[in-house]
């Protein structure tokens, strides 16, 4: 009964985290898909001396979005390696809480990819 209750709680938490991860990843991809089609407008301002910063800032944010996509792929790859190494046969409680911990870590890392990419490219 105790193992069932523990598993049920962890499954509920992992389901919520899976929804959160899904929203983060698809939200970032939609952000990329929305940013790219408006490129002609900021690129048109790059030749002008007064308005040239608009195009430069757009390029910085575009490069930051691309790097953020790369960071998301790295985070998911690290998560896949970590989850693969969870010993399932030896300790069931450890496997359950290990997978929950790695999923929380993935969610936290995905939240930080945006701010890290923007700070590296100084895009605001």
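Figures for the structure shown
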quantity	calculated
Estimated FRET transfer efficiency (residue 34, residue 115; beta-carbon r; R0 25 Å; 0.05)	0.85
Computed label-point distance, nm, for sites residue 60 and residue 14 using a 7 Å Cα→Cβ extension	4.2
Added length on full extension, which subtracts the Cα-Cα distance from 0.36 nm per residue, residue 25 to residue 51	6.1 nm
Cα gyration tensor shape of segment 9-75, rounded if a/c is under 1.5, else prolate or oblate by comparing a/b with b/c	prolate
The chain: equivalent-ellipsoid semi-axes (sqrt of 5 x gyration tensor eigenvalues, Cα, Å)	42, 13, 9
Two-site FRET efficiency, residue 5 against residue 78, from Cβ-Cβ distance with R₀ of 30 Å, rounded to 0.05	0.45
Förster-model FRET efficiency, 30 Å R0, residue 70 and residue 99, C-beta, rounded to 0.05	0.75
Structure-based [θ]222 nm, the chain - -39500 (n - 2.57) summed over DSSP H runs of at least 4, per residue, nearest 500	-29000 deg cm²/dmol
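Read-outs throughout are calculated quantities, based only on the coordinates presented, and are distinct from any laboratory measurement. Quick caveat: nothing in here was measured; it's all calculated off a predicted structure. Positions of Cβ are generated from backbone atoms using ideal geometry, with glycine treated the same way; all protein chains shown enter the neighbour counts.
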